[in-house]
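Written below as structure tokens is the structure these notes are about.
The values are calculated or read from the model by the stated rules, or taken from the named source; none is laboratory data. No experiment lies behind these values; they were computed from the predicted model shown. With ideal geometry, Cβ positions are generated from the backbone for all residues, glycine too; neighbour counts draw on all protein chains shown. With ligands, DNA and RNA removed, areas are computed over all heavy atoms of the protein, side chains included. Shrake-Rupley method; radii C 1.70, N 1.55, O 1.52, S 1.80 Å.
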Amino acid sequence: MKFATEFRDSALAKKLLDGIRRKSTRPANIMEFCGGHTVAIFRYGLRDLLPPHLKLLSGPGCPVCVTSTADLDKVMALARIPGVTITTFGDLIKVPASYGSLDRARAAGADVRTVYSTLDALDIARNNPGKKVVFVGIGFETTAPTVAAAILQADAEKLQNFSVISLHKVTPPVTRALLDAGEVKIQGIICPGHVSAIIGADAWYFIPGRYGIACAVSGFEPLDILHCVDMIVDQIESGAPRVQTAYSRAVRAEGNPQALAMLDRVFEVAPADWRGVGSIPESGLAIREEFAAHDAEKVFEIKLEREPREPAGCLCGEVIRAVKTPEDCKLFRKACTPENPVGPCMVSSEGSCAAYYHFAEAIG
């Protein structure tokens, strides 16, 4: 199979579903750790198609959603510095920090620009030498290599007015943290596809090895996800958890050596704050001292004028941990909508609340 339409074949989907229903006898919670999977699962109604004793849970797979309020406040503080241009991907613009959002800061006169890649941010820095251009680096291992490449390019060009605030996070540590917490019993994990294309399927061996939990890497089409669930069911039924890949067209066991080398060249692992989870050791990517001239946290003195404040009544932290669902939140569909988001899970296209809002009612 080569094309997306082939991975949406209804006859093949029915065969996979029939096979899952036939052999699945044990109740199981299966968690996806990727926001792209969350959206695909809702878009194609996969939760309703699976046997009722197989429950799909959404984990902390949305990079914008897991960014802590304190880190968002740092971005807002940067936006207030005269002469600073903030460049960021569009899904961050409306995310509420403690006291406002980049969207509101822009309306008040801050120079905030939406870009489609780090190359756009570099171009803005080249074309505006009098401006100090800051790119907001939010994302997992999937997007971090592109930011590393931008820093290397800026360093090679001696582009002194370009810097990055690195709020990047790596995913295996938060997976361990959630499994160690044990708030939700999980029997299977759908491992993230794009992340695994970078770090490799072998990065997930701790899931069956340390926790005895079934897992498989999935792509993002409905047949990918059903194939992945089929693999996980086989592991659960046989009592033999292991790492499998239902996304072999994009994921190798060892990952992408070039991307990994670039990450290691520019970043070093550091603690990171995760919304709803707290500080997790070695779960963030800090810019190495060698590239301090392009590290916004070292270039600027970032001052938070007030203490970070969590949005009242928002359950985004609990939703990220799958302890609650969006429908458990009293703000959901009332005070909190995509037009007027209270928390980040309603803003990002990969957020669980946004997925519930756009798809759950239609398929439920």
Expected unfolding gain across THR5-LEU119 under the 0.36 nm per residue rule, minus the alpha-carbon gap, is 37.9 nm
Sorted by chain and then number, the residues having a modelled amide H within less than 5 Å of the amide H of CYS62, at least 5 places away or on another chain, are GLY35
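What's the longest uninterrupted piece of the chain once you rule out the GluC sites (Glu not before Pro) that are loop residues per DSSP with at most 10 other Cβ within 10 Å?
Details: sites that count: GLU301, GLU305, GLU339.
It works out to 1-300.
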Under a Gaussian network model of the chain whose springs join Cα atoms within less than 10 Å, the largest fluctuation of PHE89, PHE291, PHE300 belongs to PHE300
Within the chain, cysteines having no neighbouring cysteine beta carbon under 4.7 Å are CYS34, CYS191, CYS215, CYS228, CYS314, CYS329, CYS336
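Restricting to bridges with both residues inside the chain, how much of the DSSP beta-bridge set is antiparallel, in percent to the nearest 5?
Values: 10 of 41 bridges.
Bridges in the chain that DSSP calls antiparallel: roughly 25 percent.
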Quick shape check on segment 50-162: root eigenvalues a ≥ b ≥ c of the Cα gyration tensor, a/c under 1.5 is rounded, otherwise prolate if a/b tops b/c, else oblate, and it reads oblate
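I want the antiparallel fraction of DSSP beta bridges within segment 208-364, as a percent rounded to 5.
Numbers: 7 of 12 bridges.
Here the share of antiparallel DSSP bridges comes out near 60 percent.
Might you report the magnitude of the Cβ-based charge dipole of segment 1-50 about its Cα centre, with Lys and Arg at +1 and Asp and Glu at -1, to the nearest 20 debye? Before the final figure, lay out each step's value.
Working: 10 positive and 5 negative charges, 41 e Å.
Roughly 200 debye for segment 1-50.
Rounded to the nearest whole Å², what accessible area per residue is found for the chain with the 1.4 Å probe?
On the way: 15830 Å² over 364 residues.
Per residue, the chain has an accessible area of 44 Å².
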Rounded to one decimal in nm, the spacing of the 7 Å Cα→Cβ label points at ASP328 and VAL184 is 0.9 nm
If amide H atoms are modeled at 1.01 Å from N in the peptide plane, then the residues at a separation of 5 or more from PHE135, or on another chain, having amide H under 5 Å from its own are THR87, SER163, VAL164, ILE165
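Quick check on the chain: take the gyration tensor over C-alpha atoms, sort the square-rooted eigenvalues as a ≥ b ≥ c, and tell me if it's rounded (a/c under 1.5), prolate or oblate.
Working: a/c = 1.99, a/b = 1.55, b/c = 1.28.
Cα axes put the chain in the prolate bin.
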Taking alpha-carbon centroids only, segment 13-48 lies from segment 306-333 a number of Å equal to 25 Å
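Taking the convex hull of the alpha carbon atoms in segment 1-102, what volume per residue do you get, in Å³? Write out the running numbers ahead of the final one.
Values: hull volume 13.8 nm³, N = 102.
So the per-residue Cα hull volume is 135 Å³.
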Yeah, segment 249-340 with a ≥ b ≥ c from its alpha-carbon gyration tensor (a/c under 1.5 is rounded, else prolate when a/b outruns b/c, oblate otherwise) is oblate
Comparing VAL184, VAL277, VAL174 in a Gaussian network model of the chain (Cα, 10 Å), the one with the largest mean-square fluctuation is VAL184
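Might you report the magnitude of the Cβ-based charge dipole of segment 1-105 about its Cα centre, with Lys and Arg at +1 and Asp and Glu at -1, to the nearest 20 debye?
Numbers: 15 positive and 9 negative charges, 106 e Å.
About 520 debye.
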GLN187 neighbourhood, Cβ < 11 Å, K/R = +1, D/E = -1, net charge +2
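Counting only protein heavy atoms, what percent of the accessible surface of the chain is carbon or sulfur at a 1.4 Å probe? Intermediate results must be reported in sequence, preceding the final value.
Values: 8190 of 15830 Å².
Reported share for carbon and sulfur atoms: 52 percent.
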The set of residues whose placed amide H lies less than 5 Å from the amide H of SER68, leaving out same-chain residues fewer than 5 positions away, is ARG275
